[in-house]
Structures are given as structure tokens and as C-alpha cells.
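Student: The structure's right below; bear with me while I get my questions together.
Laboratory data are not the source of any read-out in this text; all were calculated from the coordinates shown. All of these numbers come straight from a predicted model, not from anything done at the bench. We place every Cβ from the backbone using ideal geometry, glycine too, and count neighbours over all the protein chains shown.
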Ligand SMILES: NC(=O)c1ccc[n+]([C@@H]2O[C@H](COP(=O)([O-])OP(=O)(O)OC[C@H]3O[C@@H](n4cnc5c(N)ncnc54)[C@H](OP(=O)(O)O)[C@@H]3O)[C@@H](O)[C@H]2O)c1
């Protein structure tokens, strides 16, 4: 082990725990991916949260060890203290007699917030918080605070601002499609509007070679307008539909294929109600994939954290439908990042937030 001063050594292992937390970062929803490092005089052992959120990094690291009273534990996020699908990490820390923990970030999940520190201190275990929040727990923490998912939106447009071509179903390049699949991979859920469902009959899966990822699909479809061909689309089976349809025969018919959620559409804050429902079902990062009507409603409700506009280099002119450029311009936002691909340019915006990050955060009542 290199000779470093204690403080540098602590920072080194804390940084290592953050790096480890990036390994399964997008595959542990609804849990965050945590990195953990166990250090004693003779060796260093590492771990991170398993795919689908199990096992937890700390539990995996400690479960087969004897007494660890001479070891230090470093984690990217404070250990959990509740038993759910996974055993409590705090319990095993106490059992193995660890005396000191360094962590990068507090956990804002209600089941952990403030409780972990209390239990550890009661058991004479010191936990030191370094306030260096890793990316892997960023989405988890803001979503836990506001109790709605972190919202990412994406829309493709022609050079003259149209979101639909009269004849072509897909108009962006292969690389832009890859970008779309990457965004799906980085989310645990996708939301679309009724018209995108019926016009496109989409698969909405993440088609990245070597990766299989289940992403929950949500659809806004107030009157349960569903084209019969949709019921043959295996990819949409068990998608959730938000509706307020009173037609019992429709409900009975579509209940077999979809999971129907009845909400009150006459309320003003419908987008917020939808996101609250999504969060309660255990989803923490949602990708809104359109169309423009759906996207507009979430932008107008100031519920969007990130907006990606995929701008194609071609003009649609008389073949263009559903022009969006006027609305986007009216937002008066500037891109934070511009990525140039062959035929497309991807513009990343951080529009008006409900919550931007941990510092600028407006509570939703
Ligand atoms: N360029 C792109 O990136 C892109 C992406 C996706 C889709 N598209 C294309 O865009 C077209 C559809 O776009 P669109 O804008 O017309 O429709 P859309 O956004 O797919 O669906 C709009 C409909 O969904 C329901 N809805 C959505 N948000 C709602 C809200 N907040 N409150 C209440 N109801 C809500 C309403 O259904 P009701 O009217 O039934 O109440 C609304 O009319 C498709 O043809 C598709 O091919 C393009």
C-alpha cells in the first residue's frame, strides 16, 4: 500500500467507493448503486450493489468476514438501516464490530434519513460524512426528496422544427437512435402520450447489444383510445395507463393487457399526479419520449430536469407535421451541451426546474 497521510488515504478510499458505485449505476433502480471499500492493515476489499439492487454493497462485503473491529469501512452513500428486499447493512456493520465508517453522502430516502447515524452512534460506531455526493446517488437522492422521479425528456426535430414527417416514421440517424437507446438504458421507466402509442406502436426497449434491461412503460391515455394492433405488441404488455375512462367494457377489455391507473384528469396538476404515482410504484428516473403534446405539458408544469433535442440536418417543409420550434424558443433556454453526430446535433438543456440539484431545490407540497 502506498505511504500516504491518513487524510489522503481516507480521500483515496472514499473516491474509490465513488468509482465503484458507477459500475452498476443504471441497473440497480429503484436502489442507488453504492460502492464500498473495507480496509485493514493487510488488505483492501471492494464491492458494489448488485444488478437489480441486490445484494447491497456493504452486506456483500462483510457477510463472510469474522470480527472487523480493526477495519475501516468507506462507502459512497451512508449504509441503509431498514430491512426490505435486502437485509439491513447497519445490522451487519454492528454484528461485525466495525468501529468507524467514512461516507460520501447522506441518504435522503425516508427509511434511512437521520436514522442510520442515530443507530450507529447508539452502538458506539462513528460515521463521518464527507459531503461529496457521487453521481450514482444523485438521482436517488433528489427523487427521494421530492417524491417524484427525476425527469429526462427527449424529442427529435427537423431543421425547420417539425417533430413528425408525413411519410417517414424515423427520421434521425443511426447514431441518434443509439443515443435514444442509451437514454432508455439510463432510466427505469418511459412515458409516452396516447397519440405516440397509437401512431407508432413502439417497442420502447433499450436495444444495446449485450444489455438486457427491463424498463417500465407508462402511457397517458385519458379515454383509453387504443388501436387493436397495440394489443398484439408484446413489448407493451403490462404497461401502466393513466386514464379516467368510465366505460366498463373498455376497462374490462384493456385490464387484461395493461395495468390501468384511474386518476382525476380535471385536476390542474395532472403531470405532478402522474409523477407521484410513478414514484409510488418504485420508479426513480423517467424518460419522457413524446410526442410534443406530452413533452409540452411537463415542461409547462416545470417538472423537467433535463431536455434533449435531437436536431436533424434536413428541412421537412411541406412534409413536416407537429412543429415544436416556436414552443421550444418560447422557453428562452440555452443548451448546456452540444453533441454533433453525422446527420444530427443533440442539444442538452437544463430547463426551469422543480429541482435542479441539492442546493437549488424547491419542495413540492
Ligand atoms: N420527434 C419525436 O421525437 C417524436 C417522439 C414521439 C412521438 N412522435 C410523433 O408525434 C406524434 C404524436 O405526438 P402528439 O404531440 O400529437 O401526441 P402525444 O404527446 O403522443 O399524445 C398526446 C395525447 O396524450 C394525452 N396526454 C398527453 N399528455 C397529457 C397530459 N399532460 N394531460 C392529459 N392528457 C395528456 C392526450 O390524449 P387525449 O387527447 O386522448 O386526452 C393527448 O392528446 C406521433 O405521430 C409520433 O410519431 C415524435
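Student: Taking a ≥ b ≥ c as the square roots of the eigenvalues of the Cα gyration tensor of region 296-340, is the shape rounded (a/c under 1.5), prolate (a/b larger than b/c) or oblate?
Tutor: oblate
Student: Hey, any idea what the orientation-averaged projected area of the convex hull of region 6-137's Cα atoms comes to, in nm²?
Tutor: 7.1
Student: While we're looking at this one, here's another question. Which three semi-axes in whole Å describe the equivalent ellipsoid of the chain, each the square root of 5 times a Cα gyration tensor eigenvalue, listed largest first?
Tutor: Calculated on Cα positions only, the semi-axes equal 42, 23, 18 Å.
Student: Using per-residue counts of other Cβ atoms within 10 Å, averaged over each peptide, order 237-245, 89-97 from highest down.
Tutor: On the way: 237-245: 18.1, 89-97: 19.7.
Put in order of decreasing packing, that is 89-97, 237-245.
Student: Need one number: nm distance between label points at residue 111 and residue 138, each 7 Å from Cα along Cα→Cβ, rounded to one decimal.
Tutor: 2.5
Student: Could you order the peptides 32-44, 214-226 from most to least packed, using the average number of other C-beta atoms within 10 Å per residue? Walk me through the intermediate numbers first.
Tutor: Values: 32-44: 20.5, 214-226: 19.0.
Packing proxy ranking, top to bottom: 32-44, 214-226.
Student: On to the next question. May I ask you to order 195-204, 134-143 by the average number of other C-beta atoms within 10 Å around their residues, highest value first? Mind showing how you got there, number by number?
Tutor: Numbers: 195-204: 17.5, 134-143: 22.7.
Output ranking for 195-204, 134-143: 134-143, 195-204.
Student: Another question about this same structure. Between residue 280 and residue 214, how high is the FRET efficiency from 1/(1 + (r/R0)^6) when r is the Cβ-Cβ distance and R₀ = 22 Å? Nearest 0.05. Write down the numbers at each step before the final one.
Tutor: On the way: r = 19 Å, r/R0 = 0.84.
With a Förster radius of 22 Å, E is 0.75.
Student: Using alpha carbon centroids, what distance separates region 239-253 and region 104-156, in Å?
Tutor: 37
Student: What fraction of the DSSP beta bridges in region 1-130 is antiparallel, stated in percent and rounded to the nearest 5? Please list the in-between numbers first.
Tutor: Numbers: 9 of 17 bridges.
Within region 1-130, antiparallel bridges account for around 55 percent of the total.
Student: First measure r as the distance between the Cβ atoms of residue 268 and residue 123, then evaluate 1/(1 + (r/R0)^6) with R0 = 56 Å and state the FRET efficiency to the nearest 0.05.
Tutor: Plugging the Cβ-Cβ distance into 1/(1 + (r/R0)^6) gives 0.70.
Student: With each pseudo-label sitting 7 Å past Cα toward Cβ, what's the residue 252-residue 147 distance in nm, one decimal?
Tutor: 3.7
Student: Which value in deg cm²/dmol, rounded to the nearest 500, describes the helix-derived mean residue ellipticity at 222 nm for the chain, given -39,500 (n - 2.57) per DSSP H run of n ≥ 4 and division by the residue count?
Tutor: -8000 deg cm²/dmol
Student: Can you sort 307, 231 by how many other beta carbons sit within 10 Å, fewest first? Intermediate results must be reported in sequence, preceding the final value.
Tutor: Details: 307 24, 231 15.
If I rank by nearby Cβ atoms, fewest first, I get 231, 307.
Student: Sticking with this one: Kindly work out what percent of the DSSP beta bridges joining two residues of the chain are antiparallel, to the nearest 5.
Tutor: Bridges in the chain are about 40 percent antiparallel.
Student: Relative contact order of the chain: what whole-number percent is it, with Cα pairs under 8 angstrom and at least 6 residues apart?
Tutor: The normalised contact order for the chain reaches 16 percent.
Student: Right, here's the next one. Report the label-to-label distance for residue 345 and residue 207 in nanometres (one decimal), using points 7 Å from each Cα along the Cα→Cβ vector.
Tutor: It is 2.8 nm.
Student: Normalised by the empirical 2.2 N^0.38 Å for globular proteins, what value does the Cα Rg of region 26-65 take? Numbers along the way, then the final one.
Tutor: Numbers: Rg = 11.0 Å, N = 40, 2.2 N^0.38 = 8.9 Å.
My calculation over the Cα atoms of region 26-65 gives 1.23.
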